[in-house]
1. Report the extension gain between Arg150 and Ser341 in nm, rounded to one decimal, defined as 0.36 nm multiplied by the number of residues separating them, less their alpha carbon distance.
2. Hey, rough spin-label estimate for Ala310 and Ser298, points 7 angstrom out along Cα→Cβ, what's it come to in nanometres?
3. To the nearest 20 debye, what charge dipole does region 233-388 have about its Cα centre, counting +1 at the Cβ of each Lys and Arg and -1 at the Cβ of each Asp and Glu?
4. With a ≥ b ≥ c taken as the square roots of the eigenvalues of the C-alpha gyration tensor of region 297-401, please select rounded if a/c is under 1.5 and otherwise prolate if a/b is larger than b/c or oblate if it is not?
5. Quick one: Karplus J couplings for region 332-347, per residue in order, coefficients 6.51, -1.76, 1.60, θ = phi - 60°, nearest Hz, x for Gly and Pro?
6. Name the aspartates and glutamates eligible as straight-distance cross-link partners of Lys249: C-alpha to C-alpha under 16 Å, and not fewer than 8 places from it in the same chain.
7. Pull up all non-local amide H partners of Val279: gap of 5 or more, or a different chain, and H-to-H distance under 5 Å with H placed in the peptide plane.
8. Give me the distance in nm between label points sitting 7 Å out from Cα along the Cα-to-Cβ direction at Asp317 and Asp133, one decimal.
Amino acid sequence: MRAGRWGIAALTAALLAACGGGGSPGAQSAKTVTVTASPTSTSATAAPASTAASGTASAPATPGATATSTATGGAATKQIVLTLPNPDGGWKVENADHAVECSEYPSAMATTSRTYRCGSNADYAVACVDDGDGAHVLCATDPWAKAATRFAVDGTLPTTHKPSDPAPLGIELADGSRWNYRSGGIWPPGPQEAAATYGCRKGCHEDAEALLSPPGNPGGSGLIKEGDVWYARRGPLGYNTVKTGKITKERITKAWFIRAAPSSGSSGGTGATGALGPVTRPNLTIAEPSDVQKLPNSNGLRAFARAQLAQVTQENDRCPMTITVEALDAQSSAMVSEFGSGCGGGMAMWGVKKGRWIKVWSGQDVPLCSELSAKGAVLNPDVIGRCSGPAPAFTAQRYTP
């Protein structure tokens, strides 16, 4: 194997161009609803455009600044997870007339990886998944009506991971009122400078009240998790409520989340290509057979890597070679570089086929998508990155199983 027009670093960057990373601040919980007085402020808080309002709407204030509990105990909160894209239909989908960029952070409303937060506040694209082609996202906007918006993607979808503590897209309280997650807009504060995190959707006082963040922590969701029973902080909005408004603790009976369908490559899913797992970037160099002990041993990966080291050395006239594991899903696939000083090198892809690792491809150009699929191995798109479409264009695109 001799170095061609692609350098190893350049080829790695091209193949992994579709991959990224990042995290998301998870929803925060609390074990107490007692709040104490804090300095007043006239700063506004954010809410989604779908419920955005301006001005200083407020509800009647109640003297006193200490939160009171109006609901304790009760049945466990039911967590409802909606799958997108939904293969059996039932979703009302509206096509947007413009494209959106998707950030490196996952949707905070998700229970799986490979979800996205996209666009501006006005788009309300906070709960999105790949619509199956890497070029569009489907974003849930109304969990009760199963309404979603499809956007074209401006750029490439990044790699995202499962949020550590997801926040619901929609909430139903014990009194039957419904509330949806807020993103964007200008909103007045609540008691103790608490920020509005969920806006009234049904059975509540519209813009005059909200579910609130913990006082002093405007970035928190405000949910209180006591075992399997969850509660929300509910209170009026308006600058006149900052000192005198009352926050109540309300039991959450139902909470709605989203997940990416297994066919779209969700972590742990079982789509057409088999089980996929989380992706790591170990940058682990294997120069000696003993170095394989640093790898996980899923599906016999260590023995396979040891054999590959011997094989590439043999293929290169016994020139000492190294294998560097650039990206790895220990359940399904790996991207590696093969290099020997004075011997040249290139890239290779490994995959799992019927429970065993195989070498799917090696070379110095971006591989053909059809060539990768034809091997019949499990290949995680977040490991493989880009491949080339059919002639005559040979356009680079994100690998899709």
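1. Values: separation 191, 0.36 × 191 = 68.76 nm, distance 4.92 nm.
Computed gain between Arg150 and Ser341 is 63.8 nm.
2. Computed distance between label sites Ala310 and Ser298 equals 2.5 nm.
3. On the way: 19 positive and 11 negative charges, 295 e Å.
So the magnitude is around 1420 debye.
4. Details: a/c = 2.18, a/b = 1.25, b/c = 1.74.
Oblate shape, in that a/c is at least 1.5 and b/c is the bigger or equal ratio.
5. 9, 7, 8, 10, 9, 10, 10, 8, x, 4, x, 10, x, x, x, 10
6. In chain and number order, the partners are Glu172, Asp175, Glu209, Glu226, Asp228.
7. Under 5 Å from the amide H of Val279: no residue qualifies.
8. The answer from the label model is 4.8 nm.
The values are calculated or read from the model by the stated rules, or taken from the named source; none is laboratory data. Note that the structure is predicted; figures quoted are calculated from it, not measured. Counting neighbours? That spans all protein chains shown, and the Cβs are built from the backbone with ideal geometry, glycine included. Surface areas here come from the heavy atoms of the whole protein model, side chains and all, with no ligands, DNA or RNA. Shrake-Rupley method; radii C 1.70, N 1.55, O 1.52, S 1.80 Å.
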